[in-house]
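Here is the structure we will look at, set down as structure tokens.
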């Protein structure tokens with residue numbers, strides 16, 4: 001054994017361990033060094049510890065797996081319960097939105113139907129109002145109705161836009177629901193309620209606008225009908241006060257029968273028919289009044305001799321003057337006072353050059369002392385047409401226009417017609 005292989009412990013030598021193996025004549029020996037012994041001991045200890053750990057894991061593995069599985073099952077159940085609750089909440093919200101959508105679509109349908117009715121009414125009213133505007137004119141009542149409530153009129157102008165906005169809202173489906181957090185702990189229905197409130201307010205606003213439009217239409221129709229009846233009454237009273245013929249059926253109220261209340265949808269048609277009847281009555285009276293010689297044959301000219309008994313200008317004795325004399329210079333146009341047909345045109349004794357026009361219903365006018373005649377017998381004339389020029393022909397002391405009105409051949413005071421003409425001129 002070399003001295004270098006020997007170890008010294010506290011200054012003393014210690015011989016290394018030697019293992020001797022003898023087999024027959026063969027003898028073998030091994031020297032076991034300390035580090036080899038330590039290594040082998042460590043290896044054996046590691047193997048023993050590993051074996052113990054593996055045995056413990058195998059024994060405890062089933063318990064660990066069972067506990068983990070149970071914990072995962074509890075977590076899954078909790079998640080499923082939460083998901084079910086949220087699904088039920090989503091279903092409730094969806095059902096509510098579907099109901100709100102159906103209600104909104106119903107309201108939108110009603111609004112669009114009313115809007116279409118208003119459009120149809122406007123189409124029907126356009127020609128009637130145009131006719132009424134030309135026949136009746138703008139009345140204070142109609143002007144007030146048109147200018148009253150500017151806020152309602154402004155709302156009425158926005159009614160269509162609001163209706164289309166509501167229609168677009170009502171057309172939304174359930175797929176347009178806004179997403180929300182699936183894991184939120186509580187729901188917030190306030191936005192939906194706010195939207196529903198806004199929609200209700202919008203529907204109320206549109207309904208008020210449409211009602212304002214309908215009210216304006218009915219108010220204007222009623223005002224025009226009342227004004228038409230008022231004008232017709234004024235014309236009728238003026239003609240009756242002068243003893244002139246009037247439609248005998250106008251103003252009669254002989255009627256009766258049971259009281260049957262009108263449906264709201266029939267009010268508009270009833271008012272339109274009433275306006276039509278009023279305009280027809282006014283047109284009839286206007287037509288009858290325009291056929292009568294109510295105009296002044298020499299407007300702005302003074303009367304030199306009225307109708308009735310007077311002193312004859314040539315003989316100086318009392319005589320009947322069958323017409324009115326208007327001061328007029330020679331050559332002034334003489335105009336007919338109503339539409340008619342010329343029945344006489346030429347020299348007629350004391351009338352000189354004279355034109356007689358038949359206006360129908362037994363009425364005729366004569367224009368005497370003309371210096372020139374511009375029409376012939378059979379000529380059809382309109383009111384205001386020139387029939388000749390004034391002068392001093394025939395039995396006359398100077399240039400003037402002799403104007404007569406006759407009914408069934410009998411002379412009538414023209415002043416009655418001129419007064420009626422002034423009264424009804426604003427209505428004709």
> Between residue 47 and residue 71, what FRET efficiency follows from the Cβ-Cβ distance if R0 is 35 Å, with the result rounded to 0.05?
Replying inline: 0.50
> By counting other Cβ atoms within 10 Å of each Cβ, how are 26, 211 ranked from fewest to most?
Replying inline: 26, 211
>> Below 8 Å between Cα atoms, with a sequence gap of 6+, how large is the relative contact order for region 6-115 in percent?
In response: 10 percent
> What order, most packed first, do the peptides 62-69, 289-296, 120-127, 415-422 have when packing is the mean number of other Cβ atoms within 10 Å of each residue?
Replying inline: 289-296, 415-422, 120-127, 62-69
>> I'd like the projected area of region 307-424, averaged over all directions, using the convex hull of its alpha carbons. Report it in nm² with one decimal.
In response: 7.0 nm²
> Using a basic spin-label model with each label point 7 Å from the Cα along Cα→Cβ, how many nm lie between residue 311 and residue 27?
Replying inline: 20.5 nm
> Among 17-25, 383-391, what's the highest-first ranking by average C-beta atoms within 10 angstrom per residue?
Replying inline: 383-391, 17-25
> Using r as the Cβ-Cβ distance of residue 284 and residue 99, and R0 as 56 Å, what FRET efficiency do you calculate, to the nearest 0.05?
Replying inline: 0.45
>> At R0 = 35 Å, how high is the FRET efficiency between residue 56 and residue 19 if r is their beta carbon distance? Nearest 0.05 is fine.
In response: 0.45
> Relative contact order, percent, of region 280-410 when contacts are C-alpha pairs under 8 Å separated by at least 6 residues?
Replying inline: 26 percent
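Taken together, the values in this text are just the output of simple stated rules run on the coordinates, not laboratory data. Worth saying up front: this structure is predicted, and the values here are computed from it rather than measured. Glycine gets a Cβ as well: all are built from the backbone with ideal geometry, and neighbour counts include every protein chain shown.
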